[in-house]
Amino acid sequence: MSMSIIRLYTGDDGESHFEEMDIEMTAHGDVVTMSQLMDCHEVQFAETSSGGGYDWHNAPRRQFVITLSGTLVFENRKGETQDIRPGDILLAEDCSGGGHKWKLVDEHPWRRCYVHLEPEA
């Protein structure tokens, strides 16, 4: 079994790209599947009001971004877009290069949880 997440990374061309990837899960009892543990060192919550956005930037660190509410569109400098909806998990790894921007596209605030990963995790 696996869980699908969205990866945002810097490609060989120096630009940010999106891809779907899977986190492997294994059975844990009769009704639960779990991933392996991952080292992290901080958890942070954030909220952006509906209609908000953020212009070109890079991820400040490798981190999971777990969307709790709000729908937004991420875009890279090549014009490729990725919709992010409540429940989506984004692995932000584009810490260098062209970067990305995002804009909220519904009437809800973007509430999210950042899980800051250790560099080697």
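Quick notes on this one:
- Segment SER2-VAL32, extension gain: residue separation times 0.36 nm, minus the distance between their alpha carbons: 9.6 nm
- For the chain, with +1 on Lys and Arg beta carbons and -1 on Asp and Glu, the positive-most of THR48, SER35, ALA59 along the dipole: THR48
- DSSP-assigned coil residues among trypsin sites (Lys or Arg not before Pro) in the stretch 65-121, each with at most 13 further Cβ atoms within 10 Å: LYS78
- In terms of its C-alpha gyration tensor, the stretch 1-86 has a prolate overall shape, because the principal axis ratio a/c (a ≥ b ≥ c, square roots of the eigenvalues) is not below 1.5 and a/b outweighs b/c.
FYI, it's all coordinate maths here, none of it is from the lab. Because the structure is predicted, anything quoted here is derived from the model rather than measured. Quick reminder, even Gly has a Cβ in these numbers, built from the backbone with ideal geometry, and neighbours come from all protein chains shown.
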